[in-house]
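For reference, the structure discussed in these notes is given below.
The values are calculated or read from the model by the stated rules, or taken from the named source; none is laboratory data. Quick caveat: nothing in here was measured; it's all calculated off a predicted structure. Cβ: placed from backbone, ideal geometry, glycine included. Neighbour counts: every protein chain shown. Accessible surface is based on the protein model in full, side chains and every heavy atom, while ligands, DNA and RNA are left aside. Shrake-Rupley method; radii C 1.70, N 1.55, O 1.52, S 1.80 Å.
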Amino acid sequence: MGDMGDMGDDRVDNRVAIVTAASQGIGEACVRRLADDGWKVALMSRSDRVLQVAESVGGLGVQGSITQVDDLEHLVASTRERWGRLDAVVANCGHLPTGDLLSLTDDQWRHGVDMVLLSVQRLARVAVEAMQASGGGSITCISGAAAKEVMSAYPLSTILRAGLSAYVRLAAKQWAPDVRINAVLPGFVDSYDVSDEVLAMIPFDRPARVAEIADVVTFLSGEGASYVTGESIRVDGGLTSAV
């Protein structure tokens with residue numbers, strides 16, 4: 001296996017990735033980091049800003065929703081039509097509703113399941129086959145630190161992202177060795193305001209920079225992580241304490 005940073009390798013230069021929820025924040029940072037490493041990147045978001053981000057990195061921008069099967073199928077098909085292959089997927093999604101556990105409505109629960117779990121399943125149905133046709137690949141799910149430690153202020157994130165970690169573990173066993181799948185679990189990041197109260201809980205005394213999350217995602221997407229699968233990797237600055 002070659003080093004993921006070996007830009008002289010033709011196969012490395014031709015790697016193709018998809019990033020969802022990619023118009024801002026962690027998603028956009030992943031797009032830019034992958035592009036800096038020589039990846040061709042297709043990106044999707046509901047916002048039309050995704051087209052500007054795509055143009056800035058020479059990528060393919062698609063407007064659509066991760067909750068819509070047709071949009072995800074169109075994203076994968078358009079990616080393969082443009083570059084002829086698919087090597088990696090970064091499955092990102094937006095923020096989930098917060099609030100007291102009993103105050104969450106059925107619609108909020110359904111929306112959360114759609115965003116966190118079904119979006120990955122729907123995308124995997126088409127992406128895994130496409131990556132197998134390209135000789136293999138990887139999926140990296142953007143999850144959250146609440147998957148590893150109960151956070152009462154974030155009940156949907158705690159419960160559903162824990163479920164995503166279980167999905168990742170199961171899928172890793174079923175898709176190996178052709179397709180790897182892992183999750184990255186950020187804590188608080190600098191793409192939104194973080195209160196002083198929260199900062200006091202973080203040993204690093206600051207939120208993560210989105211670029212720091214993108215660095216880990218890019219590593220997991222590449223050859224340097226060729227034997228890493230089924231893992232949920234915390235990138236939270238020491239926020240959580242669970243072993």
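Can you say whether residue 198 is in a helix (DSSP H, G or I), surrounded by fewer than 16 Cβ atoms within 10 Å (Cβ to Cβ) and β-branched (Val, Ile, Thr), as far as the supplied structure shows?
Working: in a helix (DSSP H, G or I): yes; surrounded by fewer than 16 Cβ atoms within 10 Å (Cβ to Cβ): yes; β-branched (Val, Ile, Thr): yes.
Spelling it out, residue 198 is indeed in a helix (DSSP H, G or I), surrounded by fewer than 16 Cβ atoms within 10 Å (Cβ to Cβ) and β-branched (Val, Ile, Thr).
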Qualifying residues in the stretch 61-74 (those that are open to solvent by less than 30 Å² (accessible area, probe 1.4 Å) and not in a loop (DSSP other than H, G, I, E, B)) - the one farthest from residue 30 (Cα to Cα): 72
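Which one of 54, 77, 42 is assigned to a helix (DSSP H, G or I), under 13 Å from residue 19 (Cα atoms) and among the small types (Gly, Ala, Ser)?
Details: 77 fails: under 13 Å from residue 19 (Cα atoms); 42 fails: assigned to a helix (DSSP H, G or I).
Every option except 54 fails the conditions.
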Residues of the stretch 159-189 being under 17 Å from the mean Cα position of the chain (by Cα) and not aliphatic (A, V, I, L, M), which ones? 161, 163, 165, 167, 169, 180, 182, 186, 187, 188
Within the stretch 151-158, is even one residue open to solvent by less than 20 Å² (accessible area, probe 1.4 Å) and touching a strand residue (DSSP E or B) at 6+ places or on another chain (Cβ under 8 Å)? no
Among all residue pairs at least 6 apart or on different chains, which show Cβ distances below 9 Å where the first residue, located in the stretch 1-28, is on the phi > 0 side of the Ramachandran plot and modelled with pLDDT under 50 and the second is crowded, with 22+ Cβ neighbours inside 10 Å and not hydroxyl-bearing (Ser, Thr, Tyr)? none
Do any residues in the stretch 188-205 that are touching a residue at least 24 places away in the same chain (Cβ under 8 Å) have Cβ atoms under 8 Å from those of residues that are in a loop (DSSP other than H, G, I, E, B) and of a type in the set (Val, Ile, Thr), where the two are at least six apart or on different chains, and which pairs are they? 188/194; 188/202
Among the residues of the stretch 127-140, is any open to solvent by less than 60 Å² (accessible area, probe 1.4 Å), of a type in the set (Val, Ile, Thr), without any contact (Cβ under 8 Å) to a residue 60 or more places away in the chain and in contact with a helix residue (DSSP H, G or I) (Cβ under 7 Å, 6 or more places away or on another chain)? yes
With respect to residue 237, determine if the residue is in contact (Cβ under 8 Å) with a residue 12 or more places away in the chain, assigned to a loop (DSSP other than H, G, I, E, B) and either surrounded by 15 or more Cβ atoms within 10 Å (Cβ to Cβ) or touching a His at 6+ places or on another chain (Cβ under 6 Å) (or both). yes
The stretch 91-103: number of residues that are in a loop (DSSP other than H, G, I, E, B), aliphatic (A, V, I, L, M) and surrounded by fewer than 17 Cβ atoms within 10 Å (Cβ to Cβ): 0
Scanning the stretch 148-171 residue by residue, the ones that are in a helix (DSSP H, G or I) and either touching a Gly at 6+ places or on another chain (Cβ under 6 Å) or of a type in the set (Val, Ile, Thr) (or both) total 8
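What residue, among those in the stretch 172-193 that are more than 12 Å from residue 231 (Cβ to Cβ) and in a helix (DSSP H, G or I), is least open to solvent (accessible area, probe 1.4 Å)?
So the first thing to find is which residues in the stretch 172-193 are more than 12 Å from residue 231 (Cβ to Cβ), and the list is 173-179, 186-193.
Now drop any that are not in a helix (DSSP H, G or I), which leaves 173-175.
Numbers: 173: 161, 174: 128, 175: 46 Å².
This residue is 175.
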